[in-house]
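The structure under discussion appears below in the form of structure tokens.
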């Protein structure tokens with residue numbers, strides 16, 4: 001319990017540091033936000049007035065605290081280009097990205113764990129080679145190229161779907177999910193390859209341990225040993241890796257959303273970087289960073305729960 | 001370091017050698033001009049005269065792939081060079097001397113590597129703006145922690161071995177111990193780290209240029225060409241397929257080579 005408390009405190013400190021860095025990063029941008037809002041030939045009085053109105057004349061740390069408080073309340077500031085609150089811009093875009101991430105993560109876990117277990121328990125030179133080659137090839141294909149090829153094959157040649165005709169969540173949930181399946185698979189493929197490889201080598205390492213021989217000599221069945229003894233240990237590094245995957249997949253959506261023209265946060269982020277619309281960029285980056293920190297924290301907690309050695 | 005030959009090492013080696021030759025040749029000579037537009041030969045499918053077809057301006061796709069692969073290759077090399085050299089310096093000092101500085105620096109490294117490199121690169125690029133120099137700098141800095149981590153672990157393991165102790169007793173200077181005595185022994189771990197880093201750099205640059213915030217036109221890299229070709233997926237699919245296959249081959253060649261090195265050094 002004490003350890004959990006310690007971890008939670010360290011999580012809160014990490015979130016503070018990450019948010020402070022994200023805040024400071026966008027303070028050092030060359031150029032004043034007032035020139036962006038008023039233009040270059042504004043009078044000094046007007047600039048000074050706007051500066052005090054925006055609170056820019058106050059010390060950085062106080063501005064950070066203000067920003068953090070309003071951020072937690074869900075007020076992310078106002079977009080320069082759209083002249084609307086960032087939170088309303090994100091309201092219909094964030095669910096799409098989250099749905100895509102969840103779908104892709106579920107596909108990764110549901111496919112890679114059974115295959116990894118099977119691959120780990122078969123000892124065959126040819127199976128080994130097939131897995132290494134598959135792994136190498138799948139990791140060499142960038143998800144966005146996978147996306148383009150599947151747009152071409154399934155969209156243009158086979159005409160199973162129309163690339164670009166996204167069905168929004170409010171229109172039809174099942175339609176939206178079915179449009180997101182292909183991008184989710186593209187994001188999942190390299191992660192599946194890596195997870196399978198990792199689980200496989202993790203299981204094979206456990207198979208050489210003495211406790212496996214002991215269990216065998218006590219007359220336990222192979223599948224029983226696998227389920228009750230080996231997997232408990234072999235899954236530990238894989239859980240950490242899956243957490244990293246969840247973070248990578250969330251980042252990967254930025255790119256895959258461009259390929260399939262999905263109106264999610266990734267597309268908004270890229271267009272906002274192009275427009276130098278910093279309130280939007282900052283909000284999305286902080287949300288993504290917080291997500292990654294929390295995912296890593298969850299993996300850490302899961303590991304402690306699975307591995308009693310860490311609890312001491 | 002002796003490497004036992006194996007199928008991965010040989011295939012990867014031949015593929016990377018071929019690609020490197022093609023890229024170096026592409027820096028001086030390409031079958032067609034990469035900039036001259038030819039309205040008569042717009043969007044032609046692959047043929048004997050244009051083996052990967054032509055693009056929307058009638059430029060030869062194969063020639064452009066040669067040039068674009070060169071840009072991607074040089075950027076990835078520079079990124080790995082920055083990351084590797086700085087990583088070796090930081091990692092060797094941290095691993096050899098230890099102490100509070102080591103603890104703090106490694107904690108910072110772990111925090112940075114917890115975030116996907118592309119996300120951090122996006123933050124840096126959104127502040128500094130795109131272009132080849134900023135991409136190289138941003139990715140190069142972001143690649144330092146992973147190298148520093150790998151090198152530190154090696155140095156911490158080797159620093160207390162007897163041959164290092166005797167070298168110290170013989171009065172060998174610290175820089176010489178660090179880089180003449182220990183560094184060669186980290187190679188079996190460092191070389192795979194370099195090839196994996198190279199692949200990640202190719203992928204990261206391609207992703208960023210694909211998003212339109214990396215290499216800016218008229219300069220072309222494989223990523224920016226893929227972004228271009230996406231608009232012609234319907235009318236000129238060979239443009240996207242040829243360029244994408246070049247990215248895949250470039251990454252595959254070096255990861256096969258790295259797999260071969262790892263398997264070869266494990267056995268010997």
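Nothing in this text is a laboratory measurement; each read-out follows from the coordinates by a stated rule. As the structure is a prediction and not an experimental result, all values here were calculated from the model. Reconstructed Cβ throughout: ideal geometry from the backbone, glycine too, with neighbour counts over all protein chains shown.
Some values worked out for this structure:
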item	result
Order of A:267, A:218 - criterion: other Cβ atoms within 10 Å of each residue's Cβ, fewest first	A:218, A:267
Per-residue [θ]222 nm for chain A (sum of -39500 (n - 2.57) over DSSP H runs n ≥ 4, rounded to 500)	-24500 deg cm²/dmol
Amide N of region A:46-90 lying under 19 Å from the label point, which is placed 7 angstrom from the Cα of residue A:291 along Cα→Cβ	A:71-77, A:86-90
Folded to 0 to 90 degrees: helix B:61-97 orientation relative to chain B principal axis, Cα	10 degrees
Relative contact order [Cα under 8 Å, 6+ residues apart], chain A, whole percent	27 percent
Theoretical gain in end-to-end length, residue B:56 to residue B:89 [0.36 nm per residue, Cα-Cα removed]	7.1 nm
Virtual spin-label span in nm between residue B:180 and residue B:128, 7 Å along Cα→Cβ	3.6 nm
Chain B: most fluctuating residue of B:127, B:251, B:51 per GNM, C-alpha cutoff 10 Å	B:127
Overall Cα dimensions of region A:56-99 - principal axes, largest extent first, Å	39, 22, 13
Nitroxide proxy distance, nm - points 7 Å out along Cα→Cβ at residue A:66 and residue B:156	4.4 nm
Ordering of B:54-67, A:284-297, A:222-235 by burial proxy (mean other Cβ atoms within 10 Å per residue, highest first)	B:54-67, A:284-297, A:222-235
Using alpha-carbon coordinates, inclination of helix A:60-72 to the longest axis of chain A, degrees	60 degrees
Least to most buried among A:198, B:43 (fewest other Cβ within 10 Å first)	B:43, A:198
Efficiency of FRET between residue B:110 and residue A:172 - r from beta-carbon atoms, R0 30 angstrom, step 0.05	0.10
Shielding of B:121-133 by partner chains, average beta-carbon count, 10 Å	4
Cα convex hull volume per residue for the protein assembly as shown (Å³)	214 Å³
Contact order normalised by residue count of region A:93-274, Cα under 8 Å, 6+ apart, percent	38 percent
Segment residue A:16-residue A:83, length gained on full extension (0.36 nm per residue, minus Cα span)	21.3 nm
Degrees between helix A:231-259 axis and first principal axis of chain A (Cα, 0 to 90, nearest 10)	40 degrees
Computed lengthening from residue A:303 to residue A:228, 0.36 nm per intervening residue step minus Cα-Cα distance	25.3 nm
Ordering of B:25-31, A:62-68 by packing [mean C-beta count within 10 Å, highest first]	A:62-68, B:25-31
Residues residue B:77 and residue B:14, FRET efficiency given R0 of 22 Å [Cβ-Cβ distance, rounded to 0.05]	0.65
Label point distance in nm, residue B:43-residue A:165, each placed 7 Å from Cα along Cα→Cβ	2.0 nm
Convex hull of Cα atoms in region A:93-274, direction-averaged projection (nm²)	12.3 nm²
